[in-house]
Amino acid sequence: ATVIRREDYTPPAYWVDTVELIFDLDPAKTRVLNRMRLRRNPDVPAQALRLDGDDLNLARVLVNGQGCSFKMDGSTLVLESLPEGHEPFELEIFTTCAPEKNTQLMGLYVSQGTFFTQCEAEGFRRITYFLDRPDVMASYTVTLRADKARYPVLLSNGNLVESGDLPGPGNEGRHFAKWVDPHKKPCYLFALVAGNLVAREQRVRARSGQEHLLQVYVRQGDMDKTEHAMNSLIHSVIWDEARFGLPLDLERFMIVATSDFNMGAMENKGLNIFNTKYVLANSATATDTDFANIESVVGHEYFHNWTGNRVTCRDWFQLSLKEGLTVFRDQEFSMDLCATPSARAVKRIEDVRVLRTAQFPEDAGPMAHPVRPDSYVEINNFYTVTVYEKGAEVVRMQQTLVGREGFRRGMDLYFQRHDGQAVTCDDFAQAIADANPDSDLARLLPQFKRWYSQAGTPRVHASGHYDAATQRYTLTLSQSCEATPGQAEKQPFVIPVAVGLLDAQGQDLALQLVGETVPAGTTRLLVLTEPQHSYTFEGVATEPVPSVLRGFSAPVLLDMAQSDAHLLHLLAHDSDPFNRWEAGQRLALRRALAAIRAEGPAPTAPLDNAFLDAMRSVLRHPALDAAFKELVLTLPAESYIAEQLDVVDPQRIHAVRETMRQQLANALFDDWVWAWEQHKDNGAYRPEPVSTGRRALAGLALGMLCLAARDSGDTVWPGKTYQRVKDADNMTDRFNALSALVVSGHALARDALARFHTLFKNEALVLDKWFALQAGAPDRGGNVLPAVRQLLAHPDFHLKNPNRARSVIFSYCNANPAAFHREDAAGYVFWSDRVLEIDTFNPQVASRLARALDRWKKLAEPYRSAAREAIARVAAKPDLSNDVREVVTRSLA
Ligand code: B3K
Ligand code: ZN
């Protein structure tokens, strides 16, 4: 396997101006005629044309209509004797491929009798020979030909210009459709779909007056689950015009759902292809979380139309140029759709929670890489939380530094400069800075860009000092960042730290830095650029309580010696909802860590009355939203707790957290009853933030009541919960009730699971939840692994379907630490078997699973050695995919 390096980038030796593709679609043998107009790139020394290919059967190559000599270099097609000079020439390549044998789900494949494509990052080479790199942008004309009865719907990018029955002998029952994409694009945005599908349609009129046709294509029978996706799409179109002035640039915009998909969705120009999980929803089958995810993924793919498609990446190292920016955009979209500041804050907290529980560990582990990586073996391994979520934070910091309006100006300039181009992360940051010449970003740009080049999560240490005599408060911030693979030394980052000070009544102080004549606001943005800097506020009458890193203004670890009293004060009063939530998390974390570190058996009551009272006050608070309460009352995840420890004993962490949950359940019993009664009824189901929050809190309460019942032997609450499984009128409430029984391990769980399965046996996405719940259930004496093995043998289990594989195997290996990390190492053996098995047919899914043991070096014995052995066992297989090989090699390094 070769290492690809960013510094080795050179422009392509040839440009492809136009591509004409003709497909004769057949699951066993699809014929592809690819007619291109190419010309030599005058800026590059003359050289052979090297076209990427993978798993293709080559039948014919013609240059300007004449046969021509070629050779193969591995799977690369090499043409040495092409016309000299810079005149365009025509190259015609005829290949075949076998879509029904394509289990990788990259390139052209068949899912439930329908043809789909997935080309990003390097799948187009599995369809035809091509310069498969994002900086080669061409105009596409695509003709699809297929059996009309089996494939009545034929779709590709752009506009439909012609369709009809195919004439002539041999074409009986066959038809065709011809599509022209008016926009140039890199080949990774190519797509086709052919099958028996139906569409929900909606016409919308843009500000310019132009009409557009929006379509959501699904299988017959799924139409009743398309309304929310369509609404999300309409909102996306409106939002991108309103917030960024970016209109839809096509007559028609299509979304197509498939149940076999490696990831969430794909932004192919005008023809987005989606995992059904992010399209199909109605109140009976989808939870509030599903509805929210659909909204943000539909938004995300739509927003790519400008950030990714109109302006694309020069090379794959620049992936975050489109992904970080588009995640930022979808986060802002979901926030802007919130009616209240509180709902916005809840969304922000959820996003930060993902960053901290998934990206921070990545940044501290063997796969750590900068937002703009320097090298890769397999690019598909770099569609990571670092490139996506940390990348989004890096864009967010730019917005923070130049302000919301300044950021809009920067985006305008970015499109003015780069529309139609393939560019770099530098080009993006430069545009934002150039549009805001007086900003801190412009002043600090080279240093700011270290966020793109340096891996690792910076640590900010904060300490405050109050001087009563001078009525001054000094906050000292310092920064550091641990070494990551290949980067021993780190230079200081530009870290925007939003700070507030609370008085003894919990009110925000007006803040005045020394040297200023008047106070300016209650939240100040301190921009830390040095290793250490002190900021002094004056006119501070009494010792304040600092609220540091409000809104999580930078993706850093914050170290601060905060007393319980200060944290309780923040939890009770902070006007910044993020830090208010964070104070509760810190109080809980502190108690968890103390119990984990304590000598001897884990303490039976890690939570003190001060903490429990504070939690009760939040739960009963008359003014706080239910959604926010649910976040505060949820303890930090086991994986998040693990990250705070140098040596990780997953069993101990689990035991302590479970004890804390039990204590919270018992001590607040009456309050949980109250919370349940107050929030359980919400009228007709609507997936909007207020009732979503109420359902979440009711669900948490029910879970707690079932836990409490387990301790007390009470049967009333499990009984009520079972009743809820039976008669809930929406999936959120039903699934929360089912989870409460399963998680508390109540005897009724068995029956409830069976009943649930019977009800939803024909709903694939609901069955995924059913599988995932069982594979993710709390371990009781090692019972989960045997249950997981049984689930794999269940008639509804299909290993080759990524969603189903993830629902069982990932839920167990990646999301159930105490069940997975077993003293007998059986979890690891199971993991290595599945990685090896899946790698034989779908390397991308296998490679994701391979990362379940990323953090093995932190594990306590006997886990550590056993984990290492399991990884070595995977690595020992000689014919691993590049995908898995890269992950296990880095893990063992
Ligand atoms: N751009 C695609 C991801 C493609 C993943 C390729 N392994 C989806 C997205 O980020 O919108
Ligand atoms: Zn994306």
Lys and Arg at +1, Asp and Glu at -1: add these up for the other residues within a Cβ distance under 13 Å of ALA510 and post the number. -3
Scattering from the C-alpha atoms of segment 770-819 alone, worked out with Debye: what is log10 I(q)/I(0) at q = 0.18, 0.21, 0.27 1/Å? -0.46, -0.62, -0.98
Once phi for every residue in segment 606-620 is put through the Karplus expression 6.51 cos²θ - 1.76 cosθ + 1.60 (θ = phi - 60°), the whole-Hz ³J(HN,Hα) values, with Gly and Pro written as x, are x, 9, 9, 5, 4, 5, 4, 5, 5, 5, 5, 4, 5, 4, 8
Ratio for segment 326-374, C-alpha Rg to 2.2 N^0.38 Å, reads 1.42
Built amide H within the under 5 Å cut-off of LEU501, gap 5+: LEU509, SER547
Show me, for segment 76-88, the HN-Hα J-couplings you get by feeding each phi into the Karplus relation (A = 6.51, B = -1.76, C = 1.60, θ = phi - 60°), rounded to Hz, glycine and proline as x. 8, 8, 10, 10, 9, 9, 9, x, 7, x, 10, 5, x
Rounding to the nearest 10 and keeping the result within 0 to 90°, find how far the Cα-based axis of helix 577-597 lies from the longest principal axis of the chain. 80
Please report, in debye to the nearest 20, how large the charge dipole of the chain is about its Cα centre when each Lys and Arg carries +1 at its beta carbon and each Asp and Glu carries -1 there. 1160
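Work out the length of the dipole vector of segment 459-559 about its Cα centre, built from +1 on the beta-carbon of each Lys and Arg and -1 on the beta-carbon of each Asp and Glu, and round it to the nearest 20 debye. Spell out each step's value before the answer.
Working: 5 positive and 10 negative charges, 41 e Å.
Value, rounded to 20: 200 debye.
Among the GluC sites (Glu not before Pro) in segment 485-549, which ones are in a DSSP loop with at most 10 other Cβ atoms within 10 Å of the Cβ? Mind listing them?
Numbers: sites: GLU489, GLU516, GLU538; in loops: GLU489, GLU516.
Passing sites in segment 485-549 are GLU489.
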0 to 90° range, to nearest 10: angle between helix 731-744 axis and the chain longest Cα axis: 60
Could you give the spread of the C-alpha atoms of the chain along their three principal axes, from largest to smallest, in whole angstroms? 88, 68, 58
With only helices counted (DSSP H, runs n ≥ 4, each -39500 (n - 2.57)), the per-residue ellipticity at 222 nm for the chain, to the nearest 500, works out to -12000 deg cm²/dmol
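Please compute the volume of the convex hull spanned by the alpha-carbon atoms of segment 572-892 and report it per residue in Å³. Display every interim value, and only then the final one.
Numbers: hull volume 47.1 nm³, N = 321.
So the per-residue hull volume is 147 Å³.
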Length-normalised contact order of segment 312-453, Cα under 8 Å, at least 6 apart, in percent, tallies to 32
Between ASN436 and residues 5 or more places away or on another chain, the pairs with built amide H atoms under 5 Å apart involve none
Phi-derived 3J(HN,Hα) across segment 276-293 with the Karplus relation (6.51, -1.76, 1.60, θ = phi - 60°), rounded Hz, x for Gly and Pro, is 3, 4, 10, 10, 7, 7, 9, 5, 7, 10, 10, 8, 4, 4, 4, 4, 5, 5
What residues have an amide H closer than 5 Å to that of VAL423, excluding those fewer than 5 places away on the same chain, when H is modeled at 1.01 Å from N in the peptide plane? THR312, CYS313, ARG314
Where in segment 745-787 are there trypsin sites (Lys or Arg not before Pro) that are in a DSSP coil and have at most 14 other Cβ atoms within 10 angstrom of their Cβ? LYS761, ARG780
Distance from segment 92-120 to segment 170-211 (C-alpha centre basis), Å: 18
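Segment 4-94: which trypsin sites (Lys or Arg not before Pro) are DSSP loop and have at most 15 other beta-carbon atoms within 10 angstrom? Intermediate values should be presented prior to the final figure.
Working: sites: ARG5, ARG6, LYS29, ARG31, ARG35, ARG37, ARG39, ARG40, ARG50, ARG60, LYS71; in loops: LYS29.
For trypsin sites (Lys or Arg not before Pro) across segment 4-94 that sit outside H, G, I, E and B with at most 15 neighbouring Cβ atoms in 10 Å, the list reads LYS29.
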In segment 314-415, with Lys and Arg counted as +1 and Asp and Glu as -1 at Cβ, which of these residues, SER375, SER334, ALA364, has the Cα nearest the positive end of the dipole, that is, farthest along it? SER334
Report, to the nearest 10°, how far helix 319-336 tilts away from the longest principal axis of the Cα atoms in the chain, using its own Cα long axis and a range of 0 to 90°. 50
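Assuming 1.567 mPa s and 4 °C, estimate D for segment 4-279 with Stokes-Einstein, Rh taken as the Kirkwood radius over Cα pairs, in µm²/s.
Numbers: Rh = 19.8 Å.
The Stokes-Einstein estimate is 66 µm²/s.
Bear in mind these aren't lab numbers, they're just calculated from the coordinates by the rules spelled out. Values in this document were obtained by computation on a predicted structure and should not be read as measured data. Quick reminder, even Gly has a Cβ in these numbers, built from the backbone with ideal geometry, and neighbours come from all protein chains shown.
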